[in-house]
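J.: Got a structure here, written out as structure tokens. Questions coming.
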Amino acid sequence: HLLQAVAHQFDNSAAIAYIPLADPVMQPAMLQGLESFSLVCLDDLDAVAGDPGWEIAVFNLYNGLKEDGGSLLVSAQTSPAELPLQLADLRSRLGAMLRYRLVELADEEKIQVLQVNASRLGLTLDHKVARFLIERSERDLGSLLQLLARLDQASLEAKRPLTLPFAKSVLDL
């Protein structure tokens, strides 16, 4: 979802491509002609790593984008060094790119995110209420923020502060 979000937020007047490489209908030939795009997002590179046809297509795309001033954004489950790439030049090019490793937030960090977002909404989110949300619902941040939005709306409608009994009654958890 991260690459889709980046592609969506990129300059609307620019030519952008989002390519989900894990989709079985994708073929290496689909990368041809994308060198002129401003941004190409290749999601799940690990799904095609080790396939010579794909590796050559990604290598050619990388070089073409670099020549034409475009940008390439790639995601994978591992770093380029850990991918089972057969094409050494592709491994080298990907290894030279700026890399970020995303890690899941710990529960206390999720609580901090919830509290900051609650504050932005004008709510005070007690640590006990935040802990309750994490322990009794989906643990991913997107789901937790959706619960917070529901609680915010309910709090506004009921004109009540966000307490643990109120959260329990609203969320039926």
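J.: Can you return the lysines within cross-link range of Lys159? Criterion is Cα-Cα under 30 Å, with same-chain partners fewer than 8 residues away left out.
T.: Once the sequence-local lysines are set aside, what remains near Lys159 is Lys110, Lys128, Lys168.
J.: Over region 1-130, give the accessible area per residue in Å² for a 1.4 Å probe, as an integer.
T.: So region 1-130 comes to 61 Å² accessible per residue, rounded to a whole number.
J.: Order of 25-33, 130-138 by packing, highest average Cβ count within 10 Å first?
T.: Numbers: 25-33: 13.3, 130-138: 16.0.
So the peptides 25-33, 130-138, ranked by packing, come out 130-138, 25-33.
J.: Mind ordering 153-163, 49-59 by average Cβ neighbours within 10 Å, highest first?
T.: Values: 153-163: 13.0, 49-59: 18.3.
Most protected by this proxy first, the peptides run 49-59, 153-163.
J.: As a test question: what accessible area, to the nearest 10 Å², does Val103 have when a 1.4 Å probe is rolled over all protein chains in place?
T.: Roll a 1.4 Å probe over it and Val103 shows about 100 Å².
J.: Separate question: Answer with one residue from Gln153, Val113, His127: the one whose Cα lies farthest towards the positive end of the charge dipole of region 84-172, charges on Cβ with Lys, Arg +1 and Asp, Glu -1.
T.: Val113
J.: May I pose another question? Please give the peptides 141-150, 92-101 ranked by average Cβ packing (other Cβ atoms within 10 Å per residue), highest first, as a rough proxy for protection. Let's see the in-between values first.
T.: Working: 141-150: 15.3, 92-101: 11.5.
My ranking of the peptides, most packed first, is 141-150, 92-101.
J.: Please state, to two decimals, what the Cα-based radius of gyration of the chain comes to when divided by 2.2 N^0.38 Å (N = residues).
T.: Details: Rg = 21.7 Å, N = 173, 2.2 N^0.38 = 15.6 Å.
So the Cα radius of gyration is 1.39 times the expected 2.2 N^0.38 Å.
J.: Another question, if that's okay. Whenever you get a sec, compute what percent of the accessible area on the chain sits on carbon and sulfur atoms (1.4 Å probe).
T.: Numbers: 5430 of 10540 Å².
The value for the chain is 52 percent carbon and sulfur by accessible area.
J.: Might you report the magnitude of the Cβ-based charge dipole of the chain about its Cα centre, with Lys and Arg at +1 and Asp and Glu at -1, to the nearest 20 debye? The partial results should precede the final answer.
T.: Numbers: 15 positive and 23 negative charges, 168 e Å.
With Lys and Arg at +1 and Asp and Glu at -1, about 800 debye.
J.: Taking a point 7 angstrom from the Cα of Glu135 along the C-beta vector, which residues in region 87-117 have backbone N less than 11 Å away?
T.: Taking a point 7 Å out along Cα→Cβ of Glu135, no residue of region 87-117 has its backbone N under 11 Å.
J.: What's the FRET efficiency of His127 with Asp23 using the Cβ-Cβ distance as r and R₀ = 30 Å, to the nearest 0.05?
T.: On the way: r = 42 Å, r/R0 = 1.40.
My answer for the efficiency is 0.10.
The values are calculated or read from the model by the stated rules, or taken from the named source; none is laboratory data. Just so it is clear, the model here is predicted, and its values are computed rather than measured. Cβ: placed from backbone, ideal geometry, glycine included. Neighbour counts: every protein chain shown. Each accessible area value is taken on the protein alone, full model and side chains, heavy atoms only, with ligands, DNA and RNA left out. Shrake-Rupley method; radii C 1.70, N 1.55, O 1.52, S 1.80 Å.
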